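> Sharing a structure below in structure tokens format, with a few things to ask.
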Amino acid sequence: MRRPQWRVDPVRKVMSPAPPLTILGIETSCDETAAAVVRLTPRPDGQDVKILSCVIATQFDAHQPYGGVVPEIAARAHVEAVDLVIAQALKQAGVGFEALSGVAATAGPGLIGGVMVGLSAGKAIALARGIPLIAVNHLEGHALSVRLTEAAPYPYLLLLTSGGHCQLLSVEGPGHCRRLGTTIDDAAGEAFDKIAKALGLPYPGGPALERLAIGGDPKRYRLPKMLAGYNGCDFSFSGLKTAAARLVPSLTSDDDRRDLACAVQAAIARQLSERSTRAMELHRERYGMKGRLFAVAGGVAANQTIRDALKTVAHAHDFAFTAPPLKYCTDNAAMIALAGAERLALGQCDPLDVAARPRWPLDEATARSNPVHHSGRKGAKA
Ligand code: KG4
Ligand code: ZN
């Protein structure tokens, strides 16, 4: 068995395997079983990232009849798919297990049954092959996803907007994210999904609602402005969800449904833009000229109206704007592999008994000191 050769990184003064680092990533936190191989070459002035493969087995058909993700079904589907998806990722990358410098698996936050499946697969590979395991926070994967395809130097401002999360973060590096704002109720993707369901659209609702909204009139239906007059960075979408759902029974034509979908999309885009504007001010106060990059990631970042709105506010506030290609916005394992690779390059890895975590805030200090949810027995939510 080949063991990775560890050496002292002359730039960072840490022990890590010799570069380039070839990392297998595994992602199973929700309804996609995904594996990818990413090769990272750290350089003094940045890093070189190559995505050798990125395989995703979606569970779309299994959850579709229920109109949402059923955790038990998801966990079972991950068990059935994970080995095959890993084998495909290695094959497409043209590498065997012996070429891996490490294995990175999502260890939370997410649906715990699924997280355990992927993390166990990662542990088994690490043990059998004698390579390091990196337990990756799914949110850190999204936060670093912008670095899969472009330089995006730290620190940058990130809007992470997905089905389970809606946060504004200053990303300083792996393990160093500062939370500026989060949602006090639903995530933006959750709002998209629930309103889409009320409109009779199929799961997942976000893309379906975006398609329905094409050509609609965003001003015909007046929807409440959330947290009117509020000047912070936290989000709230539940009032919008209720207001839209109340209007649904009064809709009588396809035009009505299209205009309501368009109004909902515009309202979500407006709130994301307003909070991001405030976060840009706070981020600029802390980092000055150094951090003038605004990135958006997560499944909702696949929405073109939202991307356009965020780009406009970024440019209006002197920030460069970036968003990963659509396939790296939604859940994927390339972002997990990259987060693992960057951690391994810093000499970080995890013991084989590391626990899967249903909740795992990125900025634990802020989540504890300023909780927007009650933390419950399992600890602070993200
Ligand atoms: O990041 P992601 O794949 O999974 C989570 O970690 O949650 O995000 C999934 C979410 C779902 O709520 C889905 O409806 C939403 O992203 N989404 C979209 C679009 N594509 C995916 N929402 C609006 N417009 C889209 N085009
Ligand atoms: Zn995600």
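> Find which of L127, F60, C233 sits farthest along the positive direction of the dipole of the chain, computed with +1 on the beta-carbon of Lys and Arg, -1 on that of Asp and Glu, about the Cα centre.
Farthest towards the positive pole: C233.
> Right, another one. Per the Kirkwood definition applied to all pairs of different Cα atoms, how many angstroms is the hydrodynamic radius of region 82-136?
This gives a value of 11.6 Å.
> About the Cα centre of the chain, how large is the charge dipole given +1 on each Lys and Arg Cβ and -1 on each Asp and Glu Cβ? Please answer in debye to the nearest 20.
660 debye
> Something else: Might you report the magnitude of the Cβ-based charge dipole of region 156-323 about its Cα centre, with Lys and Arg at +1 and Asp and Glu at -1, to the nearest 20 debye? Could you put the intermediate results ahead of the total?
Working: 22 positive and 17 negative charges, 45 e Å.
With Lys and Arg at +1 and Asp and Glu at -1, about 220 debye.
> Shifting gears a bit: Can you find, among Y156, G200, A35, the residue farthest towards the positive end of the dipole of the chain? Put +1 on the C-beta of Lys and Arg, -1 on that of Asp and Glu.
Y156
> Tell me, what is the FRET efficiency for F97 and A151 to the nearest 0.05, using R0 = 30 angstrom and their Cβ-Cβ distance as r?
0.50
> Against the longest principal axis of the chain, how steep is helix 112-129, in degrees 0 to 90 to the nearest 10, with axes from Cα atoms?
Computed tilt is about 20 degrees.
> Once you have all Cα-Cα distances for region 318-372, histogram them in 5 Å bins from zero and send the whole-percent values.
Using 5 Å bins, I get a P(r) of 4, 12, 12, 20, 20, 21, 9, 1, 1, 0 for region 318-372.
> Using Cα-Cα distances under 8 Å and only pairs 6 or more residues apart, what relative contact order does region 156-323 have, in percent?
On the way: 311 pairs, mean separation 45.8, N = 168.
In percent, rounded to a whole number, it is 27.
> Considering only protein heavy atoms and a 1.4 Å probe, what is the carbon-and-sulfur percentage of the accessible area of the chain? The partial results should precede the final answer.
On the way: 8620 of 16200 Å².
With neighbouring chains kept in place, the figure for the chain is 53 percent.
> Which of the listed residues, N303, S170, A339, is farthest toward the dipole's positive end in the chain, when Lys, Arg count +1 and Asp, Glu count -1 at the beta-carbon?
Result: S170.
> What is the packing order of peptides 215-228, 272-285, taking the mean over residues of other C-beta atoms within 10 Å and listing the highest first?
The most tightly packed comes first, giving 272-285, 215-228.
> Starting with the highest mean, order 53-59, 23-29, 106-112 by the number of other Cβ atoms within 10 Å, averaged over the residues of each peptide.
In descending order of packing, they fall as 23-29, 106-112, 53-59.
> Here is a follow-up. Please give the helix 188-198 orientation as an angle from the longest Cα principal axis of the chain, in degrees from 0 to 90, rounded to the nearest 10.
Approximately 50 degrees, to the nearest 10.
> Let me ask you something else. Suppose a student asked you for the relative contact order of the chain, using Cα pairs under 8 Å spaced at least 6 residues apart; what percent would you report? Before the final figure, lay out each step's value.
Numbers: 853 pairs, mean separation 85.7, N = 382.
Over the chain, the number comes to 22 percent.
> Please work out how many pairs of lysine residues in region 156-323 are eight or more positions apart (or on different chains) and have Cα atoms closer than 24 angstrom.
Count of close lysine pairs: 11.
> Hey, could you grab the Kirkwood Rh for region 158-220? Inverse mean 1/r over distinct alpha carbon pairs, Å, one decimal. Don't jump to the answer; show the numbers that get you there.
Details: mean 1/r = 0.0754 Å⁻¹.
So the Kirkwood estimate lands at 13.3 Å.
> Right, something else. Can you give me the distance in nm between label points at V248 and N231, each placed 7 Å from the Cα along the Cα-to-Cβ direction?
Each label point is offset 7 Å from its Cα along the Cβ direction, giving 3.8 nm.
> Kirkwood hydrodynamic radius (Cα pairs, Å) of the chain? Mind dumping the intermediate values first?
On the way: mean 1/r = 0.0472 Å⁻¹.
When all Cα pairs of the chain are included, the Kirkwood radius is 21.2 Å.
> Quantify how much of the Cα-Cα distance distribution of region 92-178 extends past 17 Å, in percent. All intermediate terms of the calculation are to be shown ahead of the outcome.
Numbers: 2163 of 3741 pairs.
In whole percent, the share of Cα-Cα pairs in region 92-178 beyond 17 Å is 58.
> Right, another one. Could you give the alpha-carbon Rg of region 156-323 over 2.2 N^0.38 Å, rounded to two decimals?
On the way: Rg = 15.9 Å, N = 168, 2.2 N^0.38 = 15.4 Å.
Compactness ratio reported: 1.03.
> Also: Using Cα atoms only, what is the angle between the long axis of helix 254-287 and the major principal axis of the chain, expressed in degrees (0 to 90) to the nearest 10?
50 degrees
The values are calculated or read from the model by the stated rules, or taken from the named source; none is laboratory data. Note that this is a predicted model, so its numbers are computed, not measured. When we count neighbours, we look across all protein chains shown, and the Cβ atoms used for this are built from the backbone with ideal geometry, even at glycine. These accessible areas exclude ligands, DNA and RNA; they are computed on the full protein's heavy atoms, side chains included. Shrake-Rupley method; radii C 1.70, N 1.55, O 1.52, S 1.80 Å.
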